[in-house]
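> What follows is a structure written as structure tokens; I'll ask about it next.
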Amino acid sequence: MRNRQLSFAVVLSLLLAGCGGATSDAGESKPSAGSKGTVNLAINPWVGYEANADVLAYLLEHKLGYTVAKKNLKEEISWQGFETGEVDAIVENWGHDDLKKTYIDEKKVAVSAGLTGNTGVIGWYVPQWMVDQYPDITDWKNLGKYADLFKTSESGGKGQLLDGDPSYVTNDEALVTNLKLNYKVVYSGSEAALIKAAQQATAQKKPLLFYFYEPQWLFAKEKYVRVKLPAYTAGCDADPKKVACDYPDYPLDKIVSKKFADTGGAAYELIKNFKWTNDDQNLVSDYLTNQGLDADHAAEKWVAEHESTWKPWIPAGS
């Protein structure tokens, strides 16, 4: 998830996470006996990212013989890890042109490792039942007359626009201001809380306007409709404070440290070769979220069922 505007909550989270350098809860990881070495994967806080990382970790460990250290980090902090040496790879990156400029172009401590094959979509959504009852609610120009429906105890008398983890750094606060909407952005705090709110909105027919994104397994389970915002045009989001347009589609990519690209051998080649579809990611996300599988077993199940997809990722001679 990305945006160029850092909210106060985001800045605070960065400070708490340690702006002096990347930190994680993973601790130091040493390669196990016989391992070819340790690969440090950043784990950003949404299940689609975890699906990418879990499958790659499984293949690195079980097919190539590496040890994998997973490090739970916010997006921006993950990029700092390229400079400190704590992170070898980010395996789902949403845009972040500003960070690419800093860490790839200027500091030269990171490089692109190609696309993941997934297209990222960010937008505002309402449950299908609201569209059935209020057909014109999917046009942002009509949101004003429905603001009362979305009032909550946290929205200060305005309609609530529910966002997820503050570190997703959305455009939503600027959009609400610049489109002159009588709404307030409220952060649920996590992807899990956002999904729970969406499910309750459908099951209990509770009004909900919320920030959401694809790839996302929930769209295969329940229907949500995207609200039409002013069309995105190149450069319309150049000034974070003046954004008044929809989000673009994001070709999601992988970023690795320059050192890992130069010395990572087969591990780097595997990550560079990794490419799958939104359906692949959503399937693993469903294993993790709804079928009670842990990371290793979810990846193992997908790998067992999709050899023709991952086999070409394995470097020749490995």
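> Looking at Ala261, Ala244 in this structure, which one is assigned to a loop (DSSP other than H, G, I, E, B), touching a residue at least 12 places away in the same chain (Cβ under 8 Å) and out of contact with any Cys (no Cβ under 7 Å at 6 or more places or on another chain)?
Every option except Ala244 fails the conditions.
> Here is a further query. Determine which member of the set Lys254, Lys311, Lys258, Lys272 is closer than 17 Å to Leu56 by Cβ, surrounded by 14 or more Cβ atoms within 10 Å (Cβ to Cβ) and over 16 Å from the mean Cα position of the chain (by Cα).
Lys272
Yes/no matrix, rows are residues, columns are (1) without any contact (Cβ under 8 Å) to a residue 12 or more places away in the chain; (2) in contact with a Leu (Cβ under 7 Å, 6 or more places away or on another chain):
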{"site": "Trp217", "(1), (2)": "no, no"}
{"site": "Glu222", "(1), (2)": "no, no"}
{"site": "Val225", "(1), (2)": "no, no"}
{"site": "Ala234", "(1), (2)": "yes, no"}
{"site": "Asp239", "(1), (2)": "yes, no"}
{"site": "Pro251", "(1), (2)": "no, yes"}
{"site": "Tyr268", "(1), (2)": "no, no"}
{"site": "Asn273", "(1), (2)": "no, no"}
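> Could you pull out every one of the strands (runs of 3 or more DSSP E) wholly within region 45-147 that has 2 or more residues that are over 16 Å from the mean Cα position of the chain (by Cα) and buried (at least 18 other Cβ atoms within 10 Å of the Cβ)?
Once the strands (runs of 3 or more DSSP E) in region 45-147 are filtered for at least 2 residues that are over 16 Å from the mean Cα position of the chain (by Cα) and buried (at least 18 other Cβ atoms within 10 Å of the Cβ), what remains is 67-72, 110-127.
> Now a separate question. Looking at region 78-98, which of its residues are modelled with pLDDT of 95 or more and of a type in the set (A, V, I, L, M, F, W, C)?
Hits for region 78-98 are Trp79, Phe82, Val87, Ala89, Ile90, Val91.
> Among residues belonging to region 283-299 that are surrounded by fewer than 22 Cβ atoms within 10 Å (Cβ to Cβ) and among the polar types (S, T, N, Q), point out the one that is nearest to Gly48 (Cα to Cα).
This residue is Thr289.
> Ok, one more. Being outside any loop (DSSP other than H, G, I, E, B) and open to solvent by less than 80 Å² (accessible area, probe 1.4 Å) is the filter here, so list the residues in region 211-233 that pass it.
Those that are outside any loop (DSSP other than H, G, I, E, B) and open to solvent by less than 80 Å² (accessible area, probe 1.4 Å): Tyr211, Phe212, Tyr213, Glu214, Trp217, Leu218, Phe219, Tyr224, Val225, Arg226.
> Take Lys206 and decide whether it is open to solvent by 40 Å² or more (accessible area, probe 1.4 Å), among the basic types (Lys, Arg) and outside any helix (DSSP H, G or I).
yes
> Then there is this: Let me confirm something: among Ala42, Ala51, Ala22, which residue is at pLDDT below 95 and farther than 13 Å from Ala267 by Cβ?
Ala22
> Can you go through Cys236, Cys245 and tell me which one is surrounded by fewer than 17 Cβ atoms within 10 Å (Cβ to Cβ) and of a type in the set (A, V, I, L, M, F, W, C)?
Matching residue, one of Cys236, Cys245: Cys236.
> In addition: Does Lys36 meet the test of being under 20 Å from Ser257 (Cβ atoms), out of contact with any helix residue (DSSP H, G or I) (no Cβ under 7 Å at 6 or more places or on another chain), in a loop (DSSP other than H, G, I, E, B) and at pLDDT 75 or above?
yes
The values are calculated or read from the model by the stated rules, or taken from the named source; none is laboratory data. It should be emphasised that the depicted structure is a prediction, and the values quoted were computed from it without experimental measurement. Ideal geometry is used to build each Cβ from the backbone, glycine not excepted, and the neighbour counts take in all protein chains shown. Remember, those area values only see protein heavy atoms, side chains included, never the ligands or the DNA or RNA. Shrake-Rupley method; radii C 1.70, N 1.55, O 1.52, S 1.80 Å.
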